[in-house]
1. So if I check each of Thr529, Thr486, Thr545, which one is open to solvent by less than 30 Å² (accessible area, probe 1.4 Å) and among the hydroxyl-bearing types (Ser, Thr, Tyr)?
2. I'd like to check which strands (runs of 3 or more DSSP E) are fully inside the range 291-405 and have at least 1 residues that are surrounded by 21 or more Cβ atoms within 10 Å (Cβ to Cβ).
3. Can you spot a residue in the range 106-126 that is more than 32 Å from the chain's Cα centre (by Cα), assigned to a strand (DSSP E or B) and at negative phi?
4. Only one residue in Leu183, Leu270, Leu262 is open to solvent by less than 30 Å² (accessible area, probe 1.4 Å), within 16 Å of Val118 (Cα to Cα) and either more than 16 Å from the ligand (Cβ to nearest atom) or under 18 Å from the mean Cα position of the chain (by Cα) (or both). Which one?
5. On the basis of being under 22 Å from Asp305 (Cβ atoms), within 9 Å of the ligand (Cβ to nearest atom) and out of contact with any strand residue (DSSP E or B) (no Cβ under 7 Å at 6 or more places or on another chain), does Ile163 make the cut?
6. Just checking, which of Ala515, Ala508 is surrounded by 15 or more Cβ atoms within 10 Å (Cβ to Cβ), over 26 Å from Thr444 (Cβ atoms) and modelled with pLDDT of 95 or more?
7. Would a scan of the range 52-64 turn up a residue that is within 16 Å of the ligand (Cβ to nearest atom) and in the same structural domain as Gly334 (by TED's automatic domain parsing)?
8. In the range 83-121, what count of residues is obtained for those that are of a type in the set (A, V, I, L, M), farther than 15 Å from Ser40 by Cβ and surrounded by 20 or more Cβ atoms within 10 Å (Cβ to Cβ)?
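The values are calculated or read from the model by the stated rules, or taken from the named source; none is laboratory data. The shown structure was predicted, so the numbers you read here are calculated from the model rather than taken from an experiment. Quick reminder, even Gly has a Cβ in these numbers, built from the backbone with ideal geometry, and neighbours come from all protein chains shown. For accessibility, only protein heavy atoms count, side chains too; no ligands or nucleic acids. Shrake-Rupley method; radii C 1.70, N 1.55, O 1.52, S 1.80 Å.
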Amino acid sequence: MKRLKAGIAALFTMAAVLAGTGTAQAAPPGDRDVIANLWSWNWNSVARECTDHLGPAGYGGVQVSPPQDSLTRGGAVWWDVYQPAGYTLTSKFGNESQFAAMVRACHAAGVRVYADAVINHMTGQGSTSYGGASFGKYTYPGLYSPADFHYYSEDCGNTDNLIHDGDYTGSARNVQNCELVGLSDLETEEEYVRGAIAGYLNKLIGLGVDGFRVDAAKHTSPADLGNIYGRLSGSPYIYQEVIYGSGEAVQPGQYTGIGDVLEFQYGRYLREKFYGNISDLRTFGESWGGMQPSGRSVTFVANHDTERGTGALSYKDGAAYRLATVFQLAWNYGTPQVYDGFTWSDREAGPPHTNGFVRDAVCGSGWECLHRDPAITGMVGFHNAVRGTAVANWSAPNGNVIAFSRGTRGWIAINNGTGSHAGTFPTGLPAGTYANVAGSGTVTVNGGGQATVTVPAKGAVAIVAGGTTTPPAQVPVTFNVNATTTWGTNVFLVGSIGELKSWNPAEAVPLSSAAYPVWSATVTLPASTSFEYKFIKKDGSGNVTWESGANRAYTTGSSAATINATWK
Ligand code: AAO
């Protein structure tokens, strides 16, 4: 029994595509786009974290666990929350008023809230919920009845009604209409189901929620999801869980027209390279197999599924995991998400709880809190400061040491080796002494834009334009050159450093002829800096005559100086 027959369903499919593409936002708004994924944190703890840490550190969003009522296993497992028992907001993480207070606290701290939306399915068996509801696998009183599930609509294609491993490469129909690990699969082509799901998401939007991680999006067709998104109020940011699998029938690219996607290849490649050669990361991005467009991707080093598998790094990898997250925040690809869950040894076990209800998160005592690590918060600031700039000044002195700048806004060196690495690197940044935002100490950039640094083993050194600890020492240098000229021709100075216009004659520093034939100018230059220069003549039509011979060279000291020269 279907509530809608095929012809009507097709109409809704068309409307879905039209409505959906216009509504879902392409990228999270604003300058701060890093999302902290505080998975399995209760609402009170997320609220506190937004106020005390996420907002001050510059995170732009927080992803929270599924907020709807769910099956209860009394706290024994983490995954009961992925079996919705209904759409009331009583869960093991708190109740509706605590949820609403959390959203308000996060917004006050400048942090958007993205909720994990479990809308593909309900539960795998009848039972009871955290909110005290009783339900059957296909019966949720007041919400869904058997007619709302694929099982009863005979759409699946497998006699046992389950998705089998082989289905992923075989058939989108099986992946989207059969039951994922036996979870009752909502008939999302049906008008009533679409309305019920949209009603739930709109309720969250009404409480201030800014967007959704759409769980198991791969198991609902893009047409159905597009239709549902088209019913949402405002313009929530939508990113979808569509795990890339080579040769599979359902691919992430099928979903990028209706929202963004979680980029699963990203973390797999990072694991491979942080256990191999990070110098390979020079070209890391869309050209790598299976990767989605940067502007459509939410990246992560780990999530709650991958940290329990073997394909990605997790906190159990220690320093390499932290360093990969540092890299993620420095690289110009996608919207970065920083994952943080609870400490575990049994992969099924739930977070610390009392009678099933999750206790407040305590960093270092059952909870990991990578997002609070000073290197990570420093890199969140770096990420925000370099937004929109390209990778430049790449260097890789060996397979496990890389350095690059983001335009002229930030520079980083990353050492994934087991010993420290000392070297001199081009940074693209102006001279100055900068705070190392990915570690401790300072970095001095000379007038040539170079920094000589020691990068600790499994550590990083990163600096941001404007992040100077002390203003760079500067000295006035007077340039006098004895040069005879004809009427209408003037003498200028140009050289290798920014103050001397980086050899650009069009911008050369003009000299005064007040003491002709000695031409003179005083220029403020960075102290203790070596550079090359020449005098040039420009006639009335702008023709440039360079001095002959080799470039002149000079190194500033710590006090004022005068250079007397004769045109050559
Ligand atoms: C629980 C019990 C089950 C029981 C069920 C019903 O554990 O024994 O049958 O209840 O009573 C979570 C848990 C489940 C739990 C469920 C409900 O993980 O164990 O079941 O809650 O409580 C597929 C989906 C993807 C899904 C993933 C787990 O496509 O959407 O499976 N992730 C989300 C959540 C997840 C949650 C659910 C969905 C359900 O993040 O936490 O489940 O709400 C390939 C495919 C993927 C497929 C995987 C695993 O991936 O491409 O689409 O994910 O296989 O089947 C390489 C390959 C890649 C492959 C991957 C596998 O990287 O390249 O193709 O390896 O790791």
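1. Checking each option against the conditions leaves just Thr529.
2. The strands (runs of 3 or more DSSP E) meeting that bar are 297-300, 335-340.
3. Looking for residues that are more than 32 Å from the chain's Cα centre (by Cα), assigned to a strand (DSSP E or B) and at negative phi, one finds none in the range 106-126, hence no.
4. After ruling out the rest, the residue left standing is Leu262.
5. no
6. Of the residues listed, the single one that is surrounded by 15 or more Cβ atoms within 10 Å (Cβ to Cβ), over 26 Å from Thr444 (Cβ atoms) and modelled with pLDDT of 95 or more is Ala508.
7. There is at least one residue in the range 52-64 that is within 16 Å of the ligand (Cβ to nearest atom) and in the same structural domain as Gly334 (by TED's automatic domain parsing).
8. Matching residues across the range 83-121 total 8.
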